[in-house]
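The values are calculated or read from the model by the stated rules, or taken from the named source; none is laboratory data. Since this is a predicted model, take the numbers as computed values, not measurements. Positions of Cβ are generated from backbone atoms using ideal geometry, with glycine treated the same way; all protein chains shown enter the neighbour counts. For accessibility, only protein heavy atoms count, side chains too; no ligands or nucleic acids. Shrake-Rupley method; radii C 1.70, N 1.55, O 1.52, S 1.80 Å.
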Amino acid sequence: MAKTYDPKKTEKKIYALWEKSGFFNPDKLAKSYKKSFTIFLPPPNITGELHMGHALNAAIQDILIRWKKIQGYKALWLPGIDHAGIATQNVVEKQLKKQGISRFDLGREKFLEKVWQWKKKYGNIILEQFKKLGCSLDWSRTAFTMDKDYYQAVIKAFLHYYEKGWIYQGKRVVNWCSRCQTSLSDLELEYKKEKGHLWYIKYPLVQKSKFQNPNSKQNPNYKLQIPRFIAVATTRPETMLGDTAVAVNPNDERYKKLVGQKVILPLTKREVPIIADKLVDPKFGTGAVKVTPAHSLIDYEISLKHDLLFLQVIDGQGRIMPPAPFIYQGLRIFDARKKILGDLEKLGLLEKIEDYDLSLPKCYRCETIVELIPSEQWFLKMNELARVAINAVKQGKVKFYPKNFEKGYFGWLSNVRDWCLSRQIWWGHQLPVFYCGKKQEEIRNQKSEIRNNNNRNFVVVLKKPKKCPFCKECSMKQSEEVLDTWFSSALWPLASLGWPKKTRDLKNFYPSNILSTARDIINLWAARMIFSGIEFMKKPPFKNVYVHPTVVTKEGKRMSKSLGTGVDPLNLVEKYGADAVRFGISYQIMGSQDIRFTEDNIIMGKKFCNKIWNAARFVLLQIGKFKISPGQVFFENLAGQVNQKSKLQLTAADKKILKALDKTIKSINKDLENFRFGQATHTLYNFFWHDFCDIYIEKSKNQLSGNNKRKSQTQKVLIYTLLTFLKLLHPFMPFITEEIYQKLPKKNKKALIMIESWPS
RNA sequence: GCGCGUAUAGCUCAGCGGUUAGAGCGUCCGUUUCACAUACGGAAGGCCGUUGGUUCAAAUCCAACUACGCGCACCA
């Protein structure tokens, strides 16, 4: 054995050995492995590169899987990748942009070809990177959310909800990214704090007659100074073009007498009413607010109650559109804002400007400011699904670790709006909706307000009908829209096992035991998996949700490639070895919600590897040096005899180390059961370095120079302790433990520590 | 505005009711002879965020405050 441990020489070799054994696949395990233990790898995006978050979660899951496998469970860790709709489409679009072409130049089919090519070339890189970390994923079951079978599952789920009456189509105010040209769900927005302004705009009151004109001297109320204007405050002056009312709080004394009157909307000639609604916060601005039903959710709500007009003035490109006055039409939002403010200024209607901190909703994939725009979309009713998802956790069928994340989960679900499922991008699962070409035309010519269900011009079916059920003659056209990428992710625990087919895998491995996930996708992903699992399999897809900490920089800042604050785990593997990286990461998982990343712990891991290596070298040397009798060299024999302690005359040092070892086993089990990965790592480190190396090995040197009996007994304790420790450490540091195990003089040359028995 | 989390050595973190508060890294001093200099021996370095409370006893439990991080809402 070399004097130092060299991960480069062993990791590749050992990984190949594991893959060759086939034991990543639980079906290949011996029959004695009975109970299953399943974890689904959160499928990384095909656009993804391994970052510290992946490395952390990979380490956690691999620890759990290897721990359970060595304990005798049929452990399955199922890998796969997510097609990541918008994210992937954007990456390919960016590539095309370099060549000066847009997706529209190519057309849908050609563009999708490009995406598939891209997927073929780069799609599996990230999975290969997981191998470098030593992940014991069952590669034979690798799934992809755009596989043919997976597609079937997605369509089936859509159809199921539709038939239940939970999916409906409708024109709603939705989040719209004008760059991606698609709708977005609420969870796909990222709010960014920015300095903005609050503009106070005066809306002139309609003066019906001379008598009512407060400035007319014939008016008896002249001296009361009845205002001629009502001022509204807004951060979005350009939306005033679509105002259809001014609203005040009904209890606001300042405005009580104005309710029911009308104002002239400046820059347009429209008269709009002043209404009272308790949704208006009297403390905001002047207490009077403009109401733009087409471009604000709360205004939309108000408009329904008061039967207000609904005027869309911003289009899908983010430009002003009719019925806004002609001079503004076609202007981009910020240009329109500038012009409108200028025009108001000229009219003397701009009362004042205040600084205002706002958080702007941005597209989570391209950072364009997201607009609220009315648009025809498909929605999934959430009330029942949310209820079911809440109950699953309330009843303890799904448990969160740490528990306080349940609070945010409940909070989101109990206020959730219907899920906007449709996206206007191309890369994704096309809706199984088929339109009658003829009827579609007719309906397009009708005003959206009169549309109703009797006007249905589509069917929702698994396969395109041979004959159009409406006109009997057109070849039906499939909807061009695709599903939200998270709709398919929500089915991950089912579809990756073959659902909707009743597969053996589904029977054997559903539900899984643990979902290990980052906290930012608890609602986006975990919640949706929970209700999907219950809906389709009657059982939640996992029993425990472990919310792992977030890796941030040493300064506490978010790790981000674009900010240059990211750390590449593969560089670290290259530098220190996979075991050291895994050790360093697990060492820091102490239960806090963030981990400030420091390389120190990985260096510690590297040194630890070397310590283990040399201690093993010492033990092996002692066995070789003091052969007692042929046949006893096998460590199985030596180690085995320690368990029958009666025959041994143990010294105080022997007893002490065996006791400490026993304590370590118990504490590791307890820690792993409670996701205390850091504590477990600390315990292993301290036991080995201090109890075993500093104390016992030093003592053993003395004992080994004693009589033969003492020698042999010391050898046994040494090998037993080393072997037991290696097993305990294997989930954490799989490579070095396997490598040393392979060097032990064992009877069964093919034995692997990966499937050894767990010490008890 | 509401909620969650964190504050201990220069740095990253343990300890979570009971002797002189610990580890790794960093710093300083010393040691190469037989497992390991990626090691070993030793040293310096802490009003355990602030203020109150509970207790025989508080870094540890409770409350308030301050600072930082995160999430949600508002942004009409």
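At a glance:
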item: Number of the condition not met by residue A:468 [criteria: (1) in a loop (DSSP other than H, G, I, E, B); (2) open to solvent by 20 Å² or more (accessible area, probe 1.4 Å); (3) not charged (D, E, K, R)]; result: (2)
item: Single match in A:311, A:341, A:349 (criterion: more than 30 Å from residue A:181 (Cα to Cα), surrounded by 15 or more Cβ atoms within 10 Å (Cβ to Cβ) and within 16 Å of RNA strand B (Cβ to nearest atom)); result: A:349
item: Residue check for residue A:438: outside any strand (DSSP E or B) and at pLDDT below 85; result: yes
item: In segment A:363-379, residue modelled with the lowest pLDDT [restricted to those that are under 17 Å from residue A:295 (Cα atoms) and in contact with a Leu (Cβ under 7 Å, 6 or more places away or on another chain)]; result: A:363
item: Only one of A:81, A:70, A:125 that is within 21 Å of the chain's Cα centre (by Cα) and at pLDDT 90 or above; result: A:81
item: Scope segment A:511-539; condition away from RNA strand B (no atom under 16 Å from the Cβ) and open to solvent by 20 Å² or more (accessible area, probe 1.4 Å); matching residues; result: A:511, A:513, A:534, A:535, A:536, A:537, A:538, A:539
item: Qualifying positions in segment A:281-290 - surrounded by 23 or more Cβ atoms within 10 Å (Cβ to Cβ) and either among the small types (Gly, Ala, Ser) or within 35 Å of the chain's Cα centre (by Cα) (or both); result: A:288
item: Test: residue in segment A:551-574 that is open to solvent by less than 40 Å² (accessible area, probe 1.4 Å), over 16 Å from residue A:59 (Cβ atoms), in a strand (DSSP E or B) and within 8 Å of RNA strand B (Cβ to nearest atom); result: yes
item: Residue count for segment A:668-692, restricted to those that are open to solvent by 10 Å² or more (accessible area, probe 1.4 Å) and not in a loop (DSSP other than H, G, I, E, B); result: 12
item: Selected residue [open to solvent by 40 Å² or more (accessible area, probe 1.4 Å) and within 25 Å of residue A:322 (Cβ to Cβ)] from A:269, A:257; result: A:269
item: When residues of segment A:594-605 are limited to those that are in contact (Cβ under 8 Å) with a residue 40 or more places away in the chain and open to solvent by 50 Å² or more (accessible area, probe 1.4 Å), the one farthest from RNA strand B (Cβ to nearest atom); result: A:594
item: Matching residues in segment A:411-434 - criterion: being hydroxyl-bearing (Ser, Thr, Tyr) and within 24 Å of residue A:149 (Cα to Cα); result: A:422
item: Single residue of A:3, A:34, A:12 found to be open to solvent by 10 Å² or more (accessible area, probe 1.4 Å) and closer than 17 Å to residue A:128 by Cβ; result: A:12
item: Yes/no for residue A:305 being open to solvent by less than 90 Å² (accessible area, probe 1.4 Å), under 30 Å from residue A:187 (Cα atoms) and among the basic types (Lys, Arg); result: no
item: Number of positions in segment A:54-107 that are open to solvent by 40 Å² or more (accessible area, probe 1.4 Å) and of a type in the set (Asp, Glu); result: 1
item: Tally of residues being out of contact with any strand residue (DSSP E or B) (no Cβ under 6 Å at 6 or more places or on another chain) and buried (at least 17 other Cβ atoms within 10 Å of the Cβ) across segment A:575-593; result: 13
item: Residues of segment A:694-749 that turn out to be assigned to a loop (DSSP other than H, G, I, E, B) and either touching a residue at least 12 places away in the same chain (Cβ under 8 Å) or closer than 23 Å to residue A:4 by Cα (or both), as a count; result: 8
item: Residue A:655 surrounded by fewer than 15 Cβ atoms within 10 Å (Cβ to Cβ), assigned to a helix (DSSP H, G or I) and within 38 Å of the chain's Cα centre (by Cα); result: no
item: Any hit, segment A:316-324, residues being over 38 Å from the mean Cα position of the chain (by Cα) and either touching a residue at least 12 places away in the same chain (Cβ under 8 Å) or open to solvent by less than 40 Å² (accessible area, probe 1.4 Å) (or both); result: yes
item: Within segment A:540-550, considering residues that are open to solvent by less than 10 Å² (accessible area, probe 1.4 Å) and more than 15 Å from RNA strand B (Cβ to nearest atom), the one farthest from residue A:63 (Cα to Cα); result: A:541
item: Close pairs from segment A:394-417: first of a type in the set (D, E, K, R), partner within 11 Å of RNA strand B (Cβ to nearest atom) and open to solvent by 40 Å² or more (accessible area, probe 1.4 Å), Cβ under 7 Å, at least 6 apart; result: A:417/A:186
item: Residues being under 26 Å from residue A:357 (Cβ atoms), hydrophobic (A, V, I, L, M, F, W, C) and more than 10 Å from RNA strand B (Cβ to nearest atom) - total across segment A:159-209; result: 5
item: Selected residue (criterion: nearest to the chain's Cα centre (by Cα)) from residues of segment A:195-216 that are at pLDDT 55 or above and open to solvent by 70 Å² or more (accessible area, probe 1.4 Å); result: A:195
